[in-house]
Every structure is written in structure tokens, then in C-alpha cells.
1. For the stretch 113-126, what are the residues that are open to solvent by 80 Å² or more (accessible area, probe 1.4 Å) and in a strand (DSSP E or B)?
2. Identify all residues within the stretch 69-87 that are assigned to a strand (DSSP E or B) and surrounded by fewer than 17 Cβ atoms within 10 Å (Cβ to Cβ); write none if there are none.
3. Please indicate, with yes or no, whether at least one residue in the stretch 9-20 is closer than 18 Å to residue 90 by Cα, open to solvent by 70 Å² or more (accessible area, probe 1.4 Å), charged (D, E, K, R) and part of a loop (DSSP other than H, G, I, E, B).
4. Mind counting the residues in the stretch 88-102 that are part of a helix (DSSP H, G or I) and at pLDDT below 80?
5. Counting only residues that are outside any strand (DSSP E or B) and surrounded by 13 or more Cβ atoms within 10 Å (Cβ to Cβ), which one in the stretch 29-56 is modelled with the lowest pLDDT?
Amino acid sequence: SLAAMIEQKMVDILLADAGVAAIVGTRIDPVVVRQTTAFPSVIYRRLPGGERTYSLAGRGGMTTVAIALYGWATDYTTARSLSNAIRNALDAYTSNEADGIQVASVIDGADEWIDELSAFGCGVEARLMFMEV
């Protein structure tokens, strides 16, 4: 189902974006920054608060998923540039009938720091809408 693939579709959007790819290549991974993570990289995770629409007839099928994406790098300037590239890639993406995915909103997230890795993370929060069957 599309629900199980929505993160992969988002990764595909980022990989296809020249601005993001120029900074990270293909280093886009789920959920956690590891000791072995190479920088710069993108880490994403699903957030609470996705919504499913309902009507009197039952579930309407339209689903919104909230995803946090972080640009990680060993210097703040690169992390911030990566975060901006992620936002620009999602801002520029428009859905089509083939995939049925719509970027509903993109907002700035928090900045993070992992002392053990000497890494800066700059966040973006995206809401993606799609028809769940």
C-alpha cells in the first residue's frame, strides 16, 4: 500500500533533487543517526499526528503523514544548507495522478546537536497527503 511506501516515495523525491543530491549523494536513512553514519546525510522519521479523514459514510481515504527530516553535517553551515535544500525539494514537488501524493506543508523544525558525533542537525517537518486504500 502507499502508506507503507510513503517514506520511500519521499526519499525518491529527495534523491531526484539536484540540490539535495549534490550535498548528500544517496545518504538518506530512516530514524536514527548511527556511529557509522557518514556526513553530510539526511535522517527522517515519522512523527505522531498523522490524520485520516472521515465522513458519515466512514473513512474517506485521504491520509496525512507527518515526517521530520534532518540535514546532518559536521558543520552548522552545511547542515543548514542541507535543511534548506530538503525544504526546497519538497516545496517544488507537485503531485500527479501517477503517485497521488501531495506535499501539504513544510515548516522549519528544531536544530539539534549530537556531542558524541560532533554533528549538527537542522530540521524540516513535512506533511504529506495521499489516498490510502
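1. 113
2. Across the stretch 69-87, there are no qualifying residues.
3. no
4. Number satisfying all stated conditions: 1.
5. Within the stretch 29-56, the first condition is being outside any strand (DSSP E or B), and the residues that meet it are 31-40, 47-50, 56.
Next, only the ones that are surrounded by 13 or more Cβ atoms within 10 Å (Cβ to Cβ) stay: 33, 37, 39-40, 47, 50.
On the way: 33: 90, 37: 88, 39: 95, 40: 97, 47: 90, 50: 67.
Across the stretch 29-56, the extreme among qualifying residues is 50.
The values are calculated or read from the model by the stated rules, or taken from the named source; none is laboratory data. Values in this document were obtained by computation on a predicted structure and should not be read as measured data. Glycine also receives a Cβ, built like all others from the backbone with ideal geometry; neighbour counts cover every protein chain displayed. Accessible surface areas use protein heavy atoms only, side chains included; no ligands, DNA or RNA. Shrake-Rupley method; radii C 1.70, N 1.55, O 1.52, S 1.80 Å.
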